[in-house]
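Before any comments, here is the structure.
The values are calculated or read from the model by the stated rules, or taken from the named source; none is laboratory data. Predicted model, so just to flag it, every value in this text is computed and none were measured. Positions of Cβ are generated from backbone atoms using ideal geometry, with glycine treated the same way; all protein chains shown enter the neighbour counts.
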Amino acid sequence: MNYFELFEIPVSLQVDKNTLAKKYVALQKKFHPDFYTKETEYEQEEALEKSSLINKALKVLRNPDETIKYVLQLKGLLEEEEKYQLPPAFLMEVMELNEELSADSRQQVDELETQVYLPVKHIIEHFTDATTTEELLKVKEYYYKKKYLQRILDRIAD
């Protein structure tokens with residue numbers, strides 16, 4: 001059972017936060033371990049495992065980048081610790097940004113992030129079962145580019 005099935009919501013690259021919150025509350029009311037204190041040890045363990053899975057799923061589905069990663073993994077298009085090759089021009093631009101961190105860097109990173117998002121905006125916002133592998137591979141490239149940009153933002157924040 002994947003996280004979308006667990007929450008009984010359609011697979012999406014953008015999860016509706018209100019629906020997610022409502023489903024989470026309903027699932028916790030049903031499976032929270034506190035409601036199983038008088039049940040058998042097996043049922044208590046089952047509830048604990050289910051509650052843990054619900055919490056893990058919530059953490060992923062609440063985070064847009066983690067949701068994209070999760071969907072790409074579900075589709076078999078992204079592997080853990082994958083060595084993805086980004087275009088050299090993008091890597092050069094990121095390297096220059098990284099070397100010249102300044103007060104203006106945040107704005108530059110935000111602008112670059114917008115440029116990176118625009119080609120996949122429609123795919124992410126209108127994802128369906130009919131979304132092609134080719135389109136999802138564009139989202140995969142966006143995901144990796146965004147990870148690079150996030151590292152720069154993390155350095156700026158430090």
Restricted to the stretch 131-150 and to residues being surrounded by 13 or more Cβ atoms within 10 Å (Cβ to Cβ) and over 16 Å from the mean Cα position of the chain (by Cα), the residue farthest from L78 (Cα to Cα) is T131
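Run down Y70, Y42 and say which single residue is out of contact with any Phe, Trp or Tyr (no Cβ under 6 Å at 6 or more places or on another chain), within 30 Å of F31 (Cβ to Cβ) and assigned by TED's automatic domain parsing to the domain that holds A21. Don't jump to the end; show me each part of the working.
Values: Y70 fails: assigned by TED's automatic domain parsing to the domain that holds A21.
Matching residue, one of Y70, Y42: Y42.
Results for (1) free of Cβ contacts under 8 Å to residues at least 24 places away in the same chain; (2) polar (S, T, N, Q); (3) part of a loop (DSSP other than H, G, I, E, B), shown as yes or no for each residue.
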| position | (1), (2), (3) |
| --- | --- |
| K83 | yes, no, yes |
| L86 | no, no, yes |
| E96 | yes, no, no |
| E134 | yes, no, no |
| L137 | no, no, no |
| Y142 | no, no, no |
| K147 | no, no, no |
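Listed residues T128, T114, T67; which is outside any loop (DSSP other than H, G, I, E, B), of a type in the set (V, I, T) and surrounded by fewer than 16 Cβ atoms within 10 Å (Cβ to Cβ)? Reasoning before the result, please.
Working: T128 fails: outside any loop (DSSP other than H, G, I, E, B); T67 fails: surrounded by fewer than 16 Cβ atoms within 10 Å (Cβ to Cβ).
Among T128, T114, T67, only T114 is outside any loop (DSSP other than H, G, I, E, B), of a type in the set (V, I, T) and surrounded by fewer than 16 Cβ atoms within 10 Å (Cβ to Cβ).
Report whether or not V139 is under 14 Å from Y84 (Cβ atoms) and β-branched (V, I, T). Write out each step before concluding.
Working: under 14 Å from Y84 (Cβ atoms): yes; β-branched (V, I, T): yes.
Yes: the conditions hold for V139.
Can you go through Y70, Y144, Y84 and tell me which one is in contact with a Leu (Cβ under 9 Å, 6 or more places away or on another chain) and farther than 30 Å from F7 by Cα?
Working: Y70 fails: farther than 30 Å from F7 by Cα; Y144 fails: farther than 30 Å from F7 by Cα.
Going through Y70, Y144, Y84 in turn, the sole match is Y84.
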